[in-house]
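We did not get these values from a lab; they are worked out from the coordinates using the rules stated. For clarity, every value in this text was computed on a predicted model and none was experimentally measured. Note: ideal-geometry Cβ built from the backbone for every residue, glycine included; neighbour counts use all protein chains shown.
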Amino acid sequence: MTIQLTHFSAAFVFALFASIVFGITHRETTRDMLRYGVYCFAMFLGGALVAGWAMWLVRR
Amino acid sequence: MANQTTAKTKVAEPAQPVSMMSVIAPAVGWLIPGAGHIIQKRWIRGALLLVSIGTLFVLGLLMQGHIYKANGGDILDILGFIGDLGAGGMYIVTLAVNGGQGAIAFAIADYGTKFMIVAGLLNFIAVADAYHIAIGKKQ
């Protein structure tokens with residue numbers, strides 16, 4: 001069995017699970033864990049989107 | 001003179017007591033991601049770690065990612081092996097069933113390879129977290 005993810009869905013899945021682990025391991029309280037996890041997710045996915053658009057601009 | 005010597009003397013921090021849990025939790029957490037938290041009654045955190053790290057590793061396999069072995073060859077292979085090794089039991093089982101033998105012939109397989117390496121590295125962080133909980137450094 002194999003699976004074919006698109007580039008975006010691969011980035012999304014990676015960002016989601018890495019953010020969960022970062023949130024749990026890097027903060028003390030539940031609230032801080034949640035906030036840091038959301039922050040990491042936004043940075044992972046936002047960074048990928050910004051880098052993608054930057055490469056699109058460079059290519060033009 | 002005596003006062004200067006006394007002032008410069010640092011107060012030694014009390015040594016962390018080595019409990020059985022501080023040895024068992026990291027070991028179990030390495031073998032099964034999240035188990036180091038679960039045996040310390042951090043049920044939700046342990047379950048989330050298990051699902052997150054486990055899913056990343058399995059997705060990497062399903063994307064035909066490559067598993068590195070301890071062959072001592074190229075430096076990048078060695079680094080990949082260290083990352084993969086962090087996945088603990090999942091890495092051992094994958095090697096045992098001869099999985100992860102993809103040739104990284106296309107982009108998604110390369111992503112899969114990175115997924116498995118990152119899963120292992122995230123498990124190293126989870127192991128350190130389980131140890132910190134065991135010694136009382138973290139709640």
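The set of residues from region B:14-55 being among the charged types (D, E, K, R) and more than 28 Å from B:THR113 (Cα to Cα) comprises B:LYS41, B:ARG42. When B:LEU121, B:LEU85 are screened for being within 13 Å of chain A (Cβ to nearest Cβ) and closer than 23 Å to B:HIS37 by Cβ, only B:LEU121 passes.
Sort out which residues of region B:103-115 are more than 9 Å from chain A (Cβ to nearest Cβ) and not hydrophobic (A, V, I, L, M, F, W, C), and write them in order of number. Within region B:103-115, B:ASP110, B:THR113 qualify.
Every residue, every condition in (1) part of a loop (DSSP other than H, G, I, E, B); (2) of a type in the set (Val, Ile, Thr); (3) more than 12 Å from the chain's Cα centre (by Cα); (4) facing chain B (nearest Cβ under 8 Å), yes or no:
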site: A:GLN4; (1), (2), (3), (4): yes, no, yes, yes
site: A:PHE8; (1), (2), (3), (4): no, no, no, no
site: A:PHE17; (1), (2), (3), (4): no, no, no, yes
site: A:VAL21; (1), (2), (3), (4): no, yes, no, yes
site: A:GLU28; (1), (2), (3), (4): yes, no, yes, yes
site: A:GLY37; (1), (2), (3), (4): no, no, no, no
site: A:PHE44; (1), (2), (3), (4): no, no, no, no
site: A:GLY47; (1), (2), (3), (4): no, no, no, no
site: A:TRP53; (1), (2), (3), (4): no, no, yes, no
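Could you please let me know if B:TYR68 is more than 14 Å from chain A (Cβ to nearest Cβ) and surrounded by 20 or more Cβ atoms within 10 Å (Cβ to Cβ)? So B:TYR68 fits the description; yes. The set of residues in region B:91-123 being buried (at least 18 other Cβ atoms within 10 Å of the Cβ) and farther than 19 Å from A:ALA10 by Cβ consists of B:TYR91, B:THR94, B:ASN123. With the condition kept exactly as written, say whether any residue in region A:26-33 is over 19 Å from B:LEU50 (Cα atoms), out of contact with any Pro (no Cβ under 8 Å at 6 or more places or on another chain) and surrounded by 13 or more Cβ atoms within 10 Å (Cβ to Cβ). Among the residues of region A:26-33, not one is over 19 Å from B:LEU50 (Cα atoms), out of contact with any Pro (no Cβ under 8 Å at 6 or more places or on another chain) and surrounded by 13 or more Cβ atoms within 10 Å (Cβ to Cβ), which makes the answer no. Note on region B:25-51: residues that are closer than 17 Å to B:LYS138 by Cα, away from chain A (no Cβ under 11 Å), in contact (Cβ under 8 Å) with a residue 40 or more places away in the chain and of a type in the set (A, V, I, L, M) amount to 1. Scanning region A:3-25 for residues that are of a type in the set (Phe, Trp, Tyr) and surrounded by fewer than 17 Cβ atoms within 10 Å (Cβ to Cβ) returns A:PHE8, A:PHE12.
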